[in-house]
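Reading through the structure tokens given below for one structure.
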Amino acid sequence: MYEESLGDSRTEIAYLLEKFEAVLATQDQQLIKKAALAFKKQLDHLEGWFDS
């Protein structure tokens, strides 16, 4: 999705990736699970926006 995106969409995806990577770096399983669900929801929302 990142490779297919341009402009603001690409910036948004990069921001989401950075946030998720920061949570992964904590190695806190509870935080990672919570962040993974939020990350998936955000990507699903963006993907739906692309399909429109």
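Points worth noting:
- The set of residues from the stretch 2-15 being at pLDDT below 60 and under 16 Å from LYS40 (Cα atoms) comprises just one member, TYR2.
- Residues of the stretch 5-43 satisfying the condition of being surrounded by 11 or more Cβ atoms within 10 Å (Cβ to Cβ) and not in a helix (DSSP H, G or I): SER5, ASP28
The values are calculated or read from the model by the stated rules, or taken from the named source; none is laboratory data. All values derive from a computational prediction rather than experimental measurement. With ideal geometry, Cβ positions are generated from the backbone for all residues, glycine too; neighbour counts draw on all protein chains shown.
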